[in-house]
Every structure is written in C-alpha cells, then in structure tokens.
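What follows is a set of notes on a single structure, which appears directly below.
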Amino acid sequence: MEQLQKSVDELLRILQSQELKEPDKKSERKQLIDNATNEIFDFREMARSSLGQTWDTLTSEEQDQFVGLFTRLIEQRYKGKLDAYDNQKIIYKKELINGKKALINTAVIDKDLEILIDYRLKENQGKWLVYDLKIENVSLISNYRRDFDSIIRKEQFAGLVEKMSKQLEKSDTAN
C-alpha cells in the first residue's frame with residue numbers, strides 16, 4: 001500500500017502543479033505523467049490479460065506491438081480523467097497480500113460522491129505493479145477482454161490491431 005500511495009501521490013503532485021498546466025509545459029507534463037504511470041502499472045501484464053488465450057498464439061513481435069497499442073490506448077482513455085482531477089481525496093482503506101499478489105481497496109471522494117477503486121497488484125522483482133483495476137466493482141481488464149474477444153472472433157488479431165491503430169490515430173489528430 002505504501003508503494004502505491006507514494007506513486008499515486010507523485011502523480012497527484014504533477015496533476016496539481018499549476019506551473020505544469022501552462023501551455024508551454026504540455027509535453028513536459030505529459031512525460032512526467034507517463035513516467036509516473038509506468039511506475040505504477042504493468043502494462044505488459046495488463047495487455048496479456050486483456051487478450052486471454054489469444055496472447056499465447058502471437059509472435060513476440062505481435063505481443064510487443066500489442067503492448068505498445070494497449071499502453072497508448074489506456075493512457076489516452078484515462079488522460080482526460082486525469083486532466084479532470086480537481087483535488088478529490090483518496091482514501092486507502094484496506095490491503096490484502098497473498099504471496100506475490102495484493103489487493104488494495106481505495107475510495108476517491110469527490111464532494112458527496114465516493115467512488116470505490118480496487119487495485120490488483122503483482123510483485124515483480126521486488127516492486128508491486130498494478131495489473132488490473134476494479135472501478136465500482138467492474139474490472140478494467142475483464143471489460144477489455146470481452147471487447148477484444150468479440151473483435152478477434154470476427155476480424156482476427158489483425159483486425160483488432162487495425163481498429164486500435166485507427167482509433168489512436170483519430171484521437172491523436174483530435175489533440
């Protein structure tokens with residue numbers, strides 16, 4: 001819990017910095033946010049889990065390509081949520097550790113609203129990294145796996161990569 005809290009606190013410090021919100025600091029802010037999220041999340045494990053059994057059928061090059069796309073997708077989808085951060089309070093409720101896995105229950109308090117977020121972590125080389133989030137009891141990875149499985153059944157893995165690439169390009173040009 002201590003490691004997660006330290007990393008989240010650093011991310012919040014970046015988000016709250018008025019200096020980093022200046023237009024000429026946009027790329028520096030983005031880089032600092034990316035660095036902070038890479039300290040918290042195991043994007044490779046998240047990508048692997050989101051593909052389920054399909055992961056094992058891919059070449060290492062395809063796996064690397066997918067990890068890159070998946071990481072960009074997560075960063076892009078949640079960047080807006082991070083930008084909307086407005087001094088909400090985070091409460092760390094409970095920590096459960098079972099071997100090399102852990103579950104940390106938190107709540108984000110926003111005015112009168114409490115949003116429950118559970119972080120699922122794995123220990124990797126002495127460091128705890130998030131491999132799934134449950135927001136209001138809905139797993140991020142399970143949602144992606146369901147969506148990705150549906151696309152792969154219809155359009156194979158190449159169709160999923162194409163859809164993700166197009167979506168990311170469209171979003172990149174919008175920003």
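General observations
- Cβ-derived FRET efficiency at R0 25 Å, residue 13 paired with residue 76, nearest 0.05: 0.70
- Average Cα contact separation per residue, the chain, under 8 Å, 6 or more apart, as relative contact order %: 19
- Kirkwood radius and radius of gyration were both taken over the C-alpha atoms of the chain, and their ratio Rg/Rh is 0.97.
- R0 of 41 Å, Cβ-Cβ distance residue 136-residue 59: FRET efficiency to nearest 0.05: 0.65
- FRET efficiency for residue 27 and residue 88, using Cβ-Cβ distance with R0 set to 22 Å, rounded to 0.05: 0.30
- Under 5 Å, built H, 5+ apart or other chain: amide partners of residue 132: 120
- The stretch between residue 162 and residue 114, if pulled fully straight at 0.36 nm per residue, gains 13.5 nm over its current Cα-Cα span.
- Under 26 Å of direct C-alpha separation, and excluding same-chain neighbours fewer than eight residues apart, residue 89 reaches these lysines: 6, 21, 25, 26, 30, 79, 81, 101, 111, 122, 127, 134.
- Mean Cβ neighbour count within 10 Å, used as a protection proxy, ranking 136-144, 20-28 highest first: 136-144, 20-28
- Difference of contour (0.36 nm per residue) and Cα-Cα distance, residue 67 to residue 95: 7.3 nm
- Sequence-distant aspartates and glutamates (8 or more away, or on other chains) whose Cα lies within less than 15 Å of residue 154: 162
- Among the trypsin sites (Lys or Arg not before Pro) in segment 71-175, those placed in a DSSP loop whose Cβ has at most 14 other Cβ atoms within 10 Å are 100, 111.
We did not get these values from a lab; they are worked out from the coordinates using the rules stated. Worth saying up front: this structure is predicted, and the values here are computed from it rather than measured. We place every Cβ from the backbone using ideal geometry, glycine too, and count neighbours over all the protein chains shown.
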